[in-house]
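Colleague: Once you've had a glance at the structure underneath, I'll fire off some questions.
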Amino acid sequence: MMNVSKTSMKLTVLGVIALGTALSFESCNLLNQGVTYSTEIFTTLTAPEEGGVNFTQLTKESDIVQGPAYQLTTESAQNGNEIVRTEVLMWNTATFLSISPDGKNFTFLGNNNNSNNLYIRSTEGGASAVQRTFRNYVFDFAYSPDGKFLTFSDRVGVGSSENYNIYQIEVTKGNAVRQIAATDASELNPVYSNDAKTLFYSRSSGSGYSLWSIDLESGLQTQYSEGFNPCFVPGKTSKELFVTRSAKNSSRTEIWKIDLESGSETQVITDNRRSFSSPKVSPNGKYLLVSGATPKTNARPMNLDLYLFKTDGTGETQLTFHPGTDASAVWAPSGKEIYFISTRGSATNKYNVWRMNVEQFLN
């Protein structure tokens, strides 16, 4: 674990390797950080490897969509008498996009008057986005299984007391905000259990992030093992979820499955060169959608792309190949499409929300 502080900027590093790094940035000032690895502008909408795939842009730059901050840096290490320098890709693993359970709307993080808030827009387009929260530093959010509520993190405090707490608001009415979890640590990555009775989230500590839950009726809080970016396997009775973890013997990040009833923990996705983060389980429970670092080639720089795996970690398929950033992907309720945040097609490297058909990649 390494903490870097520069003025009000706080970066909590959750993994550093030559070809991939997952970060949790604890400052919303960095949510829409520009490309740091190149001055080249990638205005093409798709890459040649994406031929035959249908992509649809659902927002425009006036929506000021916020997306994951990312950096490309160089790391030096001594190898005998030589100093080896390797490129390191770092990104924010939080959720920047969520789809309503009925598939009719998506919620994204937008910026207006230097404040980051939740905005809701129809998946069919047309009407303008509706601002749903009116706070300052909203971050990391999810719908409840019935679609009635949105839970989110929001930054509170200043200076050394600055941290994130978790709140809940109704999707369609009222401005009342319910505080769910608040401590001196940061509570992030909220997600509802399948029966909506419990909220799971990650809490920061001196050594990383651990998985917690809170009973929404009694307020009882429970700590589990390490992990962040929790995502439940669909099904009302399912007690299994996937999380991102830092690797034990390196600084890579991996995907693990946790059975809350038996307590068993299984490493599902790992690679000795790359990091993966932000797992999302398909509606049928058969596939995992993750973000991952794609190594540099002669045609494009190292960047962040979307990958598909079966839930046992096999059958890796790279879904996106654009030299820009593709991240924060979620499944449509049909399981045939995904929604994600991307800088593709933007002359100013701004994020927009995109939809992609993935039916051809599913067995």
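Colleague: List the aspartates and glutamates whose alpha-carbon lies under 19 Å from that of Lys197, not counting same-chain residues fewer than 8 positions away?
Modeller: Cα-Cα hits under 19 Å: Asp146, Glu170, Glu187, Asp215, Glu217, Glu240, Asp259, Glu261.
Colleague: Still on this model: Working only with C-alpha atoms, what are the Rg and Dmax values of the chain, expressed in angstrom?
Modeller: Rg and Dmax of the chain, Cα atoms, are 19.1, 65 Å.
Colleague: When the chain is modelled as a GNM with alpha-carbon springs shorter than 10 Å, which of Arg274, Arg135, Arg203 fluctuates the most?
Modeller: Arg135
Colleague: Taking 10 °C and 1.306 mPa s as the conditions, I'd like the Stokes-Einstein D for the range 214-363 in µm²/s, using the Kirkwood hydrodynamic radius from alpha carbon pairs.
Modeller: 96
Colleague: Give Lys257/Lys296; Lys286/Lys350; Lys104/Lys286; Lys173/Lys350 a once-over and call out the pairs whose C-alpha atoms are over 25 Å from each other.
Modeller: Lys257/Lys296; Lys286/Lys350; Lys173/Lys350
Each reported figure results from applying straightforward, stated rules to the coordinates on display, with no laboratory input. The structure displayed is predicted, hence computed values, not measured ones.
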